[in-house]
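J.: Attaching a single structure in structure tokens format; questions to follow.
The values are calculated or read from the model by the stated rules, or taken from the named source; none is laboratory data. Just so we're clear, the structure is a prediction, and the values are computed from it rather than from any experiment. No Cβ is skipped: glycine too gets one built from the backbone with ideal geometry, and neighbour counts run over all protein chains shown.
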Amino acid sequence: MLLEIKDLRIEFYDHDVPERVVHDVSFSLAEGEILGIVGESGSGKSMTAMAVAGLLKRHDVEKKGAIFFEGTELLHASRAQLRKVQGNDISIIFQEPMTSLNPVKRIGWQVEESLKIHRPDMSREERRSRAIAALSDVELPNPEQVYKKYPHELSGGMRQRVMIASAMICEPKLLIADEPTTALDVTIQLQIVKLLQRLNKEKKMAVLFISHDLSLVKRLCDRIIVMHNGDIVEQGSAQEIFENPKECYTKELIDAIPRLEKLV
Ligand SMILES: Nc1ncnc2c1ncn2[C@@H]1O[C@H](COP(=O)(O)OP(=O)(O)OP(=O)(O)O)[C@@H](O)[C@H]1O
Ligand SMILES: [Mg+2]
């Protein structure tokens, strides 16, 4: 198994009473698999993703359980151990690329950032050619031009492609995509999903895809986890979940979002 999460529990301590936002969640993800996490706002999807990406390093967060990535425990790993994995074996992209991109740095600089950390011996020229190849891999036209641009010169969909290129530059085994298309309009959402699908196949990269949008999840994912109030209420193959949902909550989610169906 590439990723195994065992009894993950996340609690916040910013008030006197701890608020438990993820309750003993367990699931796993095989190499090259695409796993979807769905559930309404506040169900604990992002907190689970942040834990896997090693981004819950705050003093007011209590974490229990274990996260094994290729057998190595990450939930209680040191910052130094996490830094070796982040952006290298595991990458994450978020909803709004503008907040993840640095507005005053050129795209090329940002796409190369992980290479500078994880491949320090790589020459400048090699970094540049890798970055341009990555921009071309995410189907950006004129990658040499994009390399020299600033984030504000690109559209939202192009910026999300840049984020995917940055996330993939070190050829991660796992890409976590937390609502990567929510800020984009519907046709661009579909393009990004198709891109992730292609990259998953070509690079054999596993994807943890988080979304409210079940029609996107249905197109993309092999397996689906349904979260509600910090719990997994149902999990199964995409086919099982869509054709024979067991829980009322899952049925309600399926009924709620027919959006993309008409387009495809
Ligand atoms: N700093 C914090 N202190 C206390 N509770 C928090 C904090 N950050 C998040 N939470 C709570 O954790 C719960 C889970 O949040 P999370 O961001 O994982 O939800 P989500 O499923 O990703 O929702 P969305 O679909 O809106 O992105 C929510 O109830 C939220 O209020
Ligand atoms: Mg979220």
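J.: Tally up the residues in the range 107-154 that are of a type in the set (S, T, N, Q) and in contact (Cβ under 8 Å) with a residue 40 or more places away in the chain, please.
T.: Total satisfying the criteria: 2.
J.: Let me ask you something else. Restricting attention to the range 7-18, does a residue exist that is surrounded by 16 or more Cβ atoms within 10 Å (Cβ to Cβ), closer than 21 Å to Met168 by Cα and away from ligand 2 (no atom under 16 Å from the Cβ)?
T.: The answer is no, given that none of the residues of the range 7-18 is surrounded by 16 or more Cβ atoms within 10 Å (Cβ to Cβ), closer than 21 Å to Met168 by Cα and away from ligand 2 (no atom under 16 Å from the Cβ).
J.: How many residues does the range 53-79 contain that are touching a residue at least 40 places away in the same chain (Cβ under 8 Å), within 12 Å of ligand 1 (Cβ to nearest atom) and out of contact with any Asp or Glu (no Cβ under 6 Å at 6 or more places or on another chain)?
T.: Counting residues in the range 53-79 that are touching a residue at least 40 places away in the same chain (Cβ under 8 Å), within 12 Å of ligand 1 (Cβ to nearest atom) and out of contact with any Asp or Glu (no Cβ under 6 Å at 6 or more places or on another chain) gives 2.
J.: I'd like to verify a number: residues in the range 198-252 that are within 16 Å of ligand 2 (Cβ to nearest atom) and among the polar types (S, T, N, Q), how many?
T.: So the answer is 2.
J.: Return yes when Ser215 is surrounded by 23 or more Cβ atoms within 10 Å (Cβ to Cβ), closer than 30 Å to Ser41 by Cβ and of a type in the set (Gly, Ala, Ser) and no when it is not. I'd like the intermediate steps shown before the answer.
T.: Details: surrounded by 23 or more Cβ atoms within 10 Å (Cβ to Cβ): no; closer than 30 Å to Ser41 by Cβ: yes; of a type in the set (Gly, Ala, Ser): yes.
Taking the combined requirement at face value, the residue does not satisfy it.
J.: Collect the residues in the range 138-180 that are crowded, with 23+ Cβ neighbours inside 10 Å and within 16 Å of ligand 1 (Cβ to nearest atom), keeping them in residue-number order.
T.: Selection gives Ile176, Ala177, Pro180.
J.: Next question. Step by step: first the residues of the range 6-22, then only those that are modelled with pLDDT under 95 and part of a strand (DSSP E or B), then the one that is nearest to His59 (Cα to Cα). Which residue is that?
T.: Among them, the one singled out is Phe12.
J.: Also, quick follow-up: Output the qualifying pairs, or none if there are none: Cβ atoms under 8 angstrom, residues six or more apart or on different chains, first residue in the range 186-213 and in the same structural domain as Gly42 (by TED's automatic domain parsing) and closer than 14 Å to Glu139 by Cβ, second residue within 16 Å of ligand 1 (Cβ to nearest atom) and part of a helix (DSSP H, G or I).
T.: What qualifies is Leu190/Leu216; Val193/Leu216.
J.: Is there a residue being within 16 Å of ligand 2 (Cβ to nearest atom) and over 19 Å from the mean Cα position of the chain (by Cα) anywhere in the range 64-73?
T.: Taking every residue of the range 64-73 in turn, none turns out to be within 16 Å of ligand 2 (Cβ to nearest atom) and over 19 Å from the mean Cα position of the chain (by Cα).
J.: Can you tell me how many residues within the range 149-190 are over 16 Å from the mean Cα position of the chain (by Cα) and either within 25 Å of Leu2 (Cα to Cα) or polar (S, T, N, Q) (or both)?
T.: Qualifying residue count, the range 149-190: 2.
J.: Can you tell me which of Val17, Val22 is free of Cβ contacts under 8 Å to residues at least 40 places away in the same chain and either touching a helix residue (DSSP H, G or I) at 6+ places or on another chain (Cβ under 8 Å) or over 26 Å from Lys204 (Cα atoms) (or both)? If you could, list the steps in order and put the result at the bottom.
T.: Details: Val22 fails: free of Cβ contacts under 8 Å to residues at least 40 places away in the same chain.
The conditions single out Val17.
J.: From (1) of a type in the set (D, E, K, R); (2) at pLDDT 95 or above; (3) within 16 Å of ligand 1 (Cβ to nearest atom), pick out the condition that doesn't hold for Lys105.
T.: Here Lys105 meets the rest and fails (3).
J.: With respect to the numbered conditions (1) farther than 16 Å from Pro180 by Cβ; (2) modelled with pLDDT under 90, which one is the sole condition not fulfilled by Pro97?
T.: Against the list (1) farther than 16 Å from Pro180 by Cβ; (2) modelled with pLDDT under 90, Pro97 comes up short only on (1).
J.: If you check Ser41, Ser100, which single one turns out to be in contact (Cβ under 8 Å) with a residue 12 or more places away in the chain, surrounded by fewer than 16 Cβ atoms within 10 Å (Cβ to Cβ) and within 16 Å of ligand 2 (Cβ to nearest atom)?
T.: Ser41
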